């Protein structure tokens, strides 16, 4: 077993913390509340199946895809700032 900057438990805690942060960010990004019947961008009808599957939905599928592409990919960030993780 190789020894580095910390123990295996510390590395596992770091992984669990990063995963937990990502899950919380994803949950916070989900809409909440009552779904709209029409898209707030283009005024298209939002199908009932989409409204039921995603409570609080405000955009049709096409407008949601455009918004998602405009936001770009979410980048992971280095929580600890250790030299090893910066070398990836």
Which of (1) modelled with pLDDT of 90 or more; (2) surrounded by 12 or more Cβ atoms within 10 Å (Cβ to Cβ); (3) more than 15 Å from the chain's Cα centre (by Cα) does residue 64 not meet, given it meets every other one? (3)
Only one of (1) at pLDDT 90 or above; (2) under 22 Å from residue 71 (Cβ atoms) is not met by residue 38, so which one is it? (2)
Options 25, 79, 88; residue that is at pLDDT 85 or above and within 21 Å of residue 14 (Cβ to Cβ): 25
Residues (in contact (Cβ under 8 Å) with a residue 40 or more places away in the chain and in a loop (DSSP other than H, G, I, E, B)) located in the stretch 7-47: none
Evaluate the stretch 16-36: report whether one residue or more is surrounded by 11 or more Cβ atoms within 10 Å (Cβ to Cβ) and touching a helix residue (DSSP H, G or I) at 6+ places or on another chain (Cβ under 6 Å). yes
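The values are calculated or read from the model by the stated rules, or taken from the named source; none is laboratory data. On a predicted model such as this, the values are computed, not experimentally measured, just so you know. No Cβ is skipped: glycine too gets one built from the backbone with ideal geometry, and neighbour counts run over all protein chains shown.
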